[in-house]
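Input: one structure, supplied below.
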């Protein structure tokens, strides 16, 4: 099928660009001597994760237990959930997954209360859960301070059904190193062996050489890249594998056109006051979104788009775009090669 | 099932508040003598639209042709799509729906090119499509200027398979009246009868008495309301029927807690620098979102949330939240009364 036979809005993945992104990141990690663990939150598709494994990845990372379940059912064996898993329903789900023969489940904790919940579930199910201690970083999200990491690591180590798997850091940019070194010293003094230091983030990955202690990188967005990555200088526009095909549906003035995409198809994420990049009109500015309308200022464009014209948007944040669509389309040139049902879409638990 | 047995994040709809919202809006429209046509983009659920019809609504509005299809298949007969429908696949879908016995399909156009596409599809299928002319408003989205409305209306009127249905305005706040009166005069001079003047918007509806020419109101968000409506003064917090249950998963400092919701469960929409309202901690500030983390500043809260605690978020924008979830839950007090699969979720075409 020709790509222009697809209705709009549709999410198109350029398979050549995606494969190049997969191979480039794997080669980069290989050159650094760190293991690579793609985060599947970006694509939510076992088929793409399989390509990442075949390129050399050691396993996958998921952000939610129900995402992990979809990938477990698709045959993935080494699954890490770098997230505080809270509540019996979720810790039991983790333990249940860990009971599957040949499957290794790793998760994270930034507080002893998280460790205790995991220990109970693992004990009840008589399985082993591998647990990373989550270290605080500059983004101030989750994560414990160095001295608290030791307490957490000891608690993990002391639980019969938990195994201390090392440290989890997000994002692992160069700024983490002083705290990381301090933490490693404290852990060594406590007699705790750190098997893995798992870093992450598409931006953080670029600074991995400045944190030689890292043993693993978890990266998600790199597989498609997006307008945020371009604006931040993490990649070039040519590497952006995801584009959302849209149609011009209104040209109410010479300065403004409206597309048939919006918050429900390209998401509400914004960067530098814009909602994405219009490939065919690089001087255009996507300045506002309604649910099903994209508002574009074309005042700086020499040529103006016309009603019915098909255009393509590089979205601000690919990970949240995939999560809006029931299916996305893998294309090769102008041909649709594959229709992927987004298997882990909406897996919020 | 007790509501706290649901995992988090989950979207909870307070059925009593929702029914009160449905009845209040219908009574308001009845008191103004205007027809009420709920916009289903907010809930995407035939079951809720049915309650709106039973309360007195004349039909429904959808924003996409595939949304309309879901509701057609659920038995709805009077469907309006107040949107420029562009491209053969979509205009044919409209015409196909209009061919269903007893079904009336109304759409809109702000340009003669839109009219011509509709005319062709309606003629090919030998059906009648009802078409509103879309009038420009202060939000500068779609919509034609008064003199162009006359051209569009004539083009609709001249097409054998189209019927000029009147005017479509969004939002229909008091500021539209001068242009509306000008348009009506021009249409009268052209000998064109205006059967319907369809206004819309949860905020605009509040000013409907100042636009006595309106014959119909299309409103969506009112059914649940959201934090935007509260901030804008359109409703009180007590009328907000949608809350997203979330769990505190991290307390990294005395000022900050992290919840297990995020851009993939409460959407990235923001107002006044916030991403929603935390019901149990009204002094808290939801200042940032990751995909699966909600970042909350609790520095102004006397009592601090603890890991594992269940809290509830009134989201910034309900319509985009429903669209993220496979199912939402209707609750009565603390009991889950109904689980709704979001039938038209992801219907982007």
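Quick note: the coordinates plus some simple rules give every number you see, no bench work behind them. Computed from a prediction, not measured in an experiment: that's the story for all the values here. Note that each Cβ is placed from the backbone with ideal geometry, even for glycine, and that neighbours are counted across all protein chains shown.
How far is residue B:50 from the same spot in each other copy, in nm, shortest first, if each label point sits 7 Å from Cα toward Cβ?
Spacings between copies for this position, smallest first, are 4.0 nm.
If a/c stays under 1.5 just call it rounded; otherwise compare a/b with b/c (prolate if a/b is bigger, oblate if not). Do that for region A:15-223, with a ≥ b ≥ c from the square roots of the Cα gyration tensor eigenvalues. Numbers along the way, then the final one.
Details: a/c = 1.98, a/b = 1.13, b/c = 1.75.
Here region A:15-223 falls in the oblate category.
Does the protein assembly as shown come out rounded, prolate or oblate by the C-alpha gyration tensor, with a ≥ b ≥ c the root eigenvalues, rounded set by a/c under 1.5 and, if not, prolate when a/b is larger than b/c and oblate if not? Let's see the in-between values first.
Numbers: a/c = 2.25, a/b = 1.70, b/c = 1.32.
It is prolate, given that a/c is not under 1.5 and a/b is the larger ratio.
Between the helical axis of A:15-32 and the dominant principal axis of chain A, each derived from Cα atoms, what acute angle in degrees is found, rounded to the nearest 10?
It works out to around 30 degrees.
List, shortest first and in nm to one decimal, how far the label point of residue B:138 (7 Å from Cα along Cα→Cβ) is from its counterparts in the other copies.
4.3
Next question, about the same structure. Could you order peptides A:44-52, B:213-221, A:18-26 by the average number of other Cβ atoms within 10 Å of their residues, highest first?
My ranking of the peptides, most packed first, is B:213-221, A:44-52, A:18-26.
Ok, one more. Which angle between 0 and 90 degrees, to the nearest 10, do you get for helix A:88-98 versus the longest principal axis of chain A when only C-alpha atoms count?
For A:88-98 against chain A, the angle is about 80 degrees.
Can you tell me the relative contact order of chain A? Whole percent, Cα pairs under 8 Å, sequence separation 6 or more.
Numbers: 780 pairs, mean separation 71.6, N = 349.
Relative contact order for chain A comes out at 21 percent.
Related question: Calculate the FRET efficiency for residue A:271 and residue B:302 from the Cβ-Cβ distance with a Förster distance of 25 Å, rounded to the nearest 0.05.
The calculated FRET efficiency here is 0.10.
7 Å from Cα along Cα→Cβ at both residue B:326 and residue A:338: what's the point-to-point distance in nm?
2.2
Starting from the 7 Å offset along Cα-to-Cβ, what nm value, one decimal, do you get for the label separation of residue B:103 and residue B:209?
It is 4.0 nm.
Would you calculate, for chain B, the mean residue ellipticity at 222 nm contributed by helices, counting each DSSP H stretch of 4 or more residues as -39,500 (n - 2.57) and dividing by all residues, to the nearest 500? If you can, show how the numbers build up before the last one.
On the way: 10 runs with 101 residues, N = 349.
Calculated at 222 nm, the ellipticity per residue is -8500 deg cm²/dmol.
OK, next. Between copies, how far apart are the residue A:327 label points? List them in nm, one decimal, shortest first, with each point 7 Å from Cα toward Cβ, please?
Shortest to longest, the spacings are 2.4 nm.
Also: How many partner chain Cβ atoms sit within 10 Å of a residue's Cβ in peptide B:140-151, on average, as a whole number?
Average neighbour count from other chains, rounded to a whole number: 3.
How do the peptides A:300-310, A:339-349 rank, highest first, by the average count of neighbouring beta carbon atoms within 10 Å per residue?
Details: A:300-310: 14.3, A:339-349: 19.6.
Result, highest mean first: A:339-349, A:300-310.
So if I take the centroid of the Cα atoms in region B:31-96 and the same for region A:1-30, what is the distance between those two points in Å?
35
Name the chain A residue nearest the rotation axis between A and B, going by Cβ position, and give the distance in whole Å.
Here the value is A:268, 2.
For chain A, just say rounded, prolate or oblate: build the C-alpha gyration tensor, square-root its eigenvalues into a ≥ b ≥ c, call rounded for a/c under 1.5, and beyond that prolate if a/b exceeds b/c, oblate if not.
Prolate is the answer for chain A, as a/c is 1.5 or above and a/b outweighs b/c.
Relative to the longest principal axis of chain A, what angle (0 to 90°, nearest 10) does the C-alpha long axis of helix A:177-189 take?
It works out to around 20 degrees.
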